[in-house]
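Structure first, commentary second.
The values are calculated or read from the model by the stated rules, or taken from the named source; none is laboratory data. What you see is a predicted model; the values in this text were computed from it and never measured. Cβ sites come from the backbone with ideal geometry, for glycine too, and all protein chains shown count toward neighbours. In case anyone asks, the SASA skips ligands and DNA or RNA and just uses the protein heavy atoms, side chains included. Shrake-Rupley method; radii C 1.70, N 1.55, O 1.52, S 1.80 Å.
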Amino acid sequence: MSISVIILAAGKGTRMKSSLPKVLHKISGFEMLYYSIKESQEISDDIIVVVAHQSEAVKEAMGSYFKDIKFVEQDLENYPGTGGAVRGIECKNEKILILNGDMPLVESEELLKFANFQSDIVMSVIELENPQGYGRVVIEDGEVQRIVEQKDATEIEQKIKTVNAGVYLFNKNVLDKFLPQIQNNNASSEYYLTDIISLAKNDGLSIEPLIVSEQNFKGVNSKLDLANSQTIMQRKIRERFMLSGVEMRLPETIYIESNVEIDGTSIIENGVSLVRGAKIINSLIKTNSIVDDSVIKNSQIGPMARIRPKSNIINTHIGNFVEVKKSTLNGVKAGHLSYLGDSIIDEGTNIGAGVITCNYDGKNKYQTIIGKNVFVGSDVQLIAPVTIEDDVIIGAGTTLSKDVKKGSLAISRVALRSVKGFYYKFFS
Ligand code: UD1
Ligand code: MG
């Protein structure tokens, strides 16, 4: 069956108390709206995103991920509210799934379940211990009667723990008929999409509740909801990896963004952050290390190492307090306290403690290229651009500002002076 999807992303998101539009707040590395669109694309070829508040920013952000999404502007001035958002939208298909854009935990398999019903309306329902903030679903004689928003609910209705999760499947004719009938005589003076339920019910239409879970349908209205959704999403991400064979030490302390890949026999220790599409293959990432937009293969990283974007680390050991940026290291050991930026370092090379690539002269960035089997002593400064050929020894403390030929020793050191008895003279 073909389904059209309308995603509501036009609201102000007042409760976020933020200058950023609500749907652009990120969770696990991506904007909330990104997840709604991505999951919808799995089930539909006709997706319409309703925008209004800061619509240019929303369109631009989503345009960077998706091509060919249809955006429709809501007339927020005259028709505010989720009912106003859906007014006058043309869809390709007879079945229309409407979902709020503030549900980042949504998954396509869950959305597909709506299509299994034959009723005029299928609506998502969650049973919650704390229904705070959600619209309450009034059920009488086993049938859904209406949805009452928290602000409009009586004290008794507020106690209802069955709430509207914010996803609905409608037949096109149902929307055509009832959308124009929605009024705004409520506490918010908004056109509530949820009022369609009672209108349809009174007209004898069939309404089917689909019980869903907070795990997949939690709505985000505040920064607190954002953090709680993040916790749920992180748990899902970690569980997926652990079930696929990734070992994690104290998993609750590990942060993994949603486009990260971990393969092979990898171990991730506590406090590690894997962000922006980091790829970990057959590697051990030790305590409190960060891997950002880089590939780590057959390597050991950390503890407390920082691998910054565009690094490629293969068959390498990176130890504590080492920062690597935009560098390719293949078969290298850099055990302690180094900054390796804009560098290419080859097999068998050892980087001593405190080695720094001086890659920036205040205006531009330059490259450091180090060949095979090079021994770079402790506390060496490599003034880029500089190339060190294979089989070279760089003496500890050297400031290297010239290229070094294969097989050489390079050393720059002030001759040691030792003045006998100086200490006693100085301190009398
Ligand atoms: C809505 C539902 C509520 C449900 C909850 C589930 C209504 C009236 N209420 O409440 O029953 O329990 O979601 O999370 O629908 N939006 C627009 N245009 C607008 C207003 C909102 O596009 O004029 C968008 C928002 O950007 C948001 C979504 O619609 O993505 C939901 O709006 P929100 O204000 O968060 O509604 P809730 O109060 O959460
Ligand atoms: Mg909401």
Residue list for segment 230-267, restricted to those being open to solvent by 60 Å² or more (accessible area, probe 1.4 Å) and either within 16 Å of ligand 2 (Cβ to nearest atom) or part of a helix (DSSP H, G or I) (or both): 231, 235, 239, 240, 242, 243, 252, 253
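Do we find that residue 149 is within 10 Å of ligand 1 (Cβ to nearest atom) and charged (D, E, K, R) in this structure?
Here the answer is yes, as residue 149 does meet what is asked.
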Tabulated pairs, segment 313-330, first assigned to a loop (DSSP other than H, G, I, E, B), second among the hydroxyl-bearing types (Ser, Thr, Tyr) and buried (at least 18 other Cβ atoms within 10 Å of the Cβ), C-beta under 7 angstrom, 6+ apart or interchain: 315/299; 316/299; 326/311; 327/311; 327/343
Failed condition for residue 270, given (1) buried (at least 17 other Cβ atoms within 10 Å of the Cβ); (2) in contact with a helix residue (DSSP H, G or I) (Cβ under 6 Å, 6 or more places away or on another chain): (1)
Where a residue in segment 133-160 is closer than 22 Å to residue 210 by Cβ and its partner, wherever it lies, is of a type in the set (A, V, I, L, M, F, W, C) and part of a loop (DSSP other than H, G, I, E, B), with Cβ under 6 Å and at least six apart: 136/153; 136/160
Any hit, segment 98-111, residues being at pLDDT 95 or above, within 11 Å of ligand 1 (Cβ to nearest atom) and farther than 24 Å from residue 5 by Cα: no
Whichever residue in segment 207-229 is out of contact with any Phe, Trp or Tyr (no Cβ under 9 Å at 6 or more places or on another chain), more than 16 Å from ligand 2 (Cβ to nearest atom) and of a type outside the set (A, V, I, L, M) and, among such residues, is nearest to residue 261 (Cα to Cα): 215
Subset of segment 9-48 that is hydrophobic (A, V, I, L, M, F, W, C) and over 20 Å from the mean Cα position of the chain (by Cα) - its residue that is farthest from ligand 2 (Cβ to nearest atom): 43
Residues satisfying the stated conditions in segment 123-137, i.e. modelled with pLDDT of 95 or more, under 22 Å from residue 183 (Cα atoms) and not charged (D, E, K, R): 123, 134, 135, 137
